[in-house]
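**Q** Take this structure first; my questions come after.
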Amino acid sequence: MAKDLMRYDLMAQDALRGVVRQALRKAAGPEGLPGQHHFYITFRTTAPGVDIDPTLLEKYPEEMTIVLEHQFWDLNITETGFEVTLKFSGVPKYLKMPYSAISRFHDPSVGFHLQFEQDSDADDAEIDPASEPQAAAGGKSSPSKSETAKSGDGAQVVSLDSFRKK
């Protein structure tokens with residue numbers, strides 16, 4: 001089998017991160033999140049482009065999960081990532097992240113789940129340079145949410161490994 005010089009794995013991840021971008025755009029719209037939809041977003045706190053409060057980085061040095069449900073403010077979506085303000089223990093904190101930092105996206109209201117591979121090359125070799133962005137916080141959600149998104153409960157997990165030839 002020939003070496004994949006096209007890097008289909010990176011293209012597929014970029015396309016799936018586009019799903020996250022579109023979902024966040026809907027949440028940032030004037031109507032907010034429709035119905036019972038809410039998002040658990042897990043991201044690498046030290047990934048390039050991540051900007052979080054130093055106290056959060058100290059508490060979550062590798063990975064953090066945020067919840068966007070009832071209480072989030074200033075959600076701004078760009079082609080490269082997003083920024084949002086959430087409350088942690090009643091204190092508002094600004095977070096900014098590129099989509100490439102996201103490792104998991106879960107909407108438990110419909111059992112939708114995406115899991116992204118963390119390839120060190122992916123941080124260096126973005127497909128589209130113009131398209132970049134563990135504690136739970138009340139996203140349009142309350143700070144009492146679980147600190148990690150549950151991957152069981154009938155969620156649909158999409159792993160890119162199933163598309164690769166071994």
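Each reported figure results from applying straightforward, stated rules to the coordinates on display, with no laboratory input. Keep in mind that this is a model prediction, so the values were computed, not measured. Quick reminder, even Gly has a Cβ in these numbers, built from the backbone with ideal geometry, and neighbours come from all protein chains shown.
**Q** Average projected area of the Cα convex hull of segment 8-71, in nm²?
**A** Projected over every direction and averaged, the Cα hull of segment 8-71 covers 5.6 nm².
**Q** With θ set to phi - 60°, apply the Karplus curve 6.51 cos²θ - 1.76 cosθ + 1.60 along segment 8-19 and write out the HN-Hα couplings as whole Hz, x wherever there is a Gly or Pro.
**A** 4, 4, 5, 5, 5, 5, 4, 5, 5, 5, x, 5
**Q** Here's another thing I want to ask about it. For MET11 and TRP73 in the same chain, what is the full-extension length gain: residue separation times 0.36 nm, less their Cα-Cα distance, in nm?
**A** Once the chain is fully extended between MET11 and TRP73, it gains 19.2 nm.
**Q** Using DSSP to call loops (not H, G, I, E or B), can you name the trypsin sites (Lys or Arg not before Pro) in segment 2-94 whose Cβ has at most 12 other Cβ atoms within 10 angstrom?
**A** Within segment 2-94, the qualifying trypsin sites (Lys or Arg not before Pro) (loop, at most 12 other Cβ atoms within 10 Å) are LYS3.
**Q** Okay, moving on. Can you work out the Karplus-derived ³J(HN,Hα) for every residue in segment 41-50? Use 6.51 cos²θ - 1.76 cosθ + 1.60 with θ = phi - 60°, whole Hz, and x for glycine or proline.
**A** Result, rounded to whole Hz: 10, 9, 9, 7, 5, 9, 5, x, x, 7.
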